[in-house]
Amino acid sequence: MEVTFKVYRKDPEKDGKPGRSNYTVEVAESATVLDALLKIRDEVDSTLAFRASCAKGYCGECMVRVNGSARLCCTAKVPDYTKKGPEISLDPLRNIPVIKDLVFDFDAFLWNKIKAVKPWLESDGSSVNGENLLPDSQMQDMRKVMSCFNCGMCDEGCTVLPVDFNFLGPAALTKAYRLAFDPRNKNSREQVKIVEKPKGIWDCVHCYEADEHCPRGIEPTKRIVALRDKAYHAGITHETVARHHKSFAASVKESGWVDEGRLAVESEGLTNVKGLMKLLPTAAKALAKGKAPIPYMHAKRPDADRIKKIFEKAEQEEK
């Protein structure tokens, strides 16, 4: 089977400008994209740079975009991408500094963020003879999360990172979950405090794209939501988020739905003049289009009293 691979190229030792090279090679019907890359490097162009290691789909080293979608080269079968024609495009991941060709900066993409969540466990001192054994029921969920091999596909699918690359991302936050919920970790509360800061758990928009991209079925978004719940029950320390949460709940309790104007003002803080000033351009645009809600002037829903009773019952149960 003859296939043309249109490969992204960038060489910082030359002009550093990105381009594309086309390689037409003969590959077997059972070939993977990694097989094709190895053939190109060994037989056509020895300067082509890409990453690979296990070739079994376990390490995540060979991740690239195949026809626009993030895939592990070693498990991506060539025939799956040639149904519309004998051409396959190969590109590095989105929004990541490229070192050369298909090799991107994995430190900036993943490892620096994982380091930021302090990815180690400190024993609570309950070990016996150097071992800290727990019932299988307590470790079942942990084993699921520990099966992550840090391929980064969840980060590649994240919809926040293209907008804010400083967001910790689902991979690092999943690592934080593994530590925050491990019953042997004496610093689980500290772990939550780290990821509760700006660019952490509260910046996730829970689009569930990370879950869709995870090849291990770990459900990173579910882990982030669990970290949020843990942060809430421990007492939210991120002031803006705490104000947002309080305003949201108070607004729904009083009127039956969210008062957007009030939420924006109270989230920034009534005494935060600088923060409130930042809202003015957005408020002006909304006003010009007739979509500017007036804070504290929100009409009640017809069934607002029933919603209020639900809140009051929940508050009594918490006490």
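The values are calculated or read from the model by the stated rules, or taken from the named source; none is laboratory data. Predicted, not measured: the structure shown is a model, and the values here were computed from it. Every residue, glycine as well, gets a Cβ built from its backbone with ideal geometry; the counts of neighbours run over all protein chains shown.
Report, ordered by the first and then the second residue, all pairs with beta carbons closer than 6 Å, sequence separation of six or more or different chains, a first member in the range 110-121 that is closer than 22 Å to GLY157 by Cβ, and a second member that is among the small types (Gly, Ala, Ser) and part of a helix (DSSP H, G or I).
The qualifying pairs are LEU110/ALA171; LYS113/GLY169; LYS113/ALA172; ILE114/ALA172; VAL117/ALA172; VAL117/ALA176.
Please give the number of the condition VAL252 fails out of (1) part of a loop (DSSP other than H, G, I, E, B); (2) farther than 21 Å from LEU121 by Cβ; (3) of a type outside the set (Phe, Trp, Tyr).
(1)
Is one or more of the residues making up the range 231-248 among the aromatic types (Phe, Trp, Tyr) and within 30 Å of SER69 (Cα to Cα)?
no
Just the residues that are in a helix (DSSP H, G or I), charged (D, E, K, R) and within 17 Å of SER251 (Cβ to Cβ), please, taken from the range 276-316.
Within the range 276-316, ASP305, ARG306, LYS308, LYS309, GLU312, GLU315 meet the criteria.
In the list ASN166, ASN112, which residue meets the criterion of being assigned to a loop (DSSP other than H, G, I, E, B), in the same structural domain as CYS214 (by TED's automatic domain parsing) and within 30 Å of LEU93 (Cβ to Cβ)? Please lay out each step first, then the result.
Details: ASN112 fails: assigned to a loop (DSSP other than H, G, I, E, B).
Answer to the selection: ASN166.
Which residue is nearest to the chain's Cα centre (by Cα), if the candidates are limited to the range 7-40 and must be within 22 Å of PRO97 (Cβ to Cβ) and either aliphatic (A, V, I, L, M) or surrounded by 14 or more Cβ atoms within 10 Å (Cβ to Cβ) (or both)?
Pass one, the range 7-40, residues within 22 Å of PRO97 (Cβ to Cβ): 7-21, 37.
Keeping just the survivors that are either aliphatic (A, V, I, L, M) or surrounded by 14 or more Cβ atoms within 10 Å (Cβ to Cβ) (or both) gives 7-11, 21, 37.
Numbers: VAL7: 27, TYR8: 25, ARG9: 27, LYS10: 27, ASP11: 29, SER21: 31, LEU37: 28 Å.
Checking each candidate, the answer is TYR8.
One residue is enough: does the range 233-248 have a residue meeting the conditions within 27 Å of ARG189 (Cα to Cα), in contact (Cβ under 8 Å) with a residue 60 or more places away in the chain, out of contact with any His (no Cβ under 7 Å at 6 or more places or on another chain) and in a helix (DSSP H, G or I)?
Pass one, the range 233-248, residues within 27 Å of ARG189 (Cα to Cα): 233-248.
Add one more test, that the residue is in contact (Cβ under 8 Å) with a residue 60 or more places away in the chain, and what stays is none.
Within the range 233-248, not a single residue is within 27 Å of ARG189 (Cα to Cα), in contact (Cβ under 8 Å) with a residue 60 or more places away in the chain, out of contact with any His (no Cβ under 7 Å at 6 or more places or on another chain) and in a helix (DSSP H, G or I).
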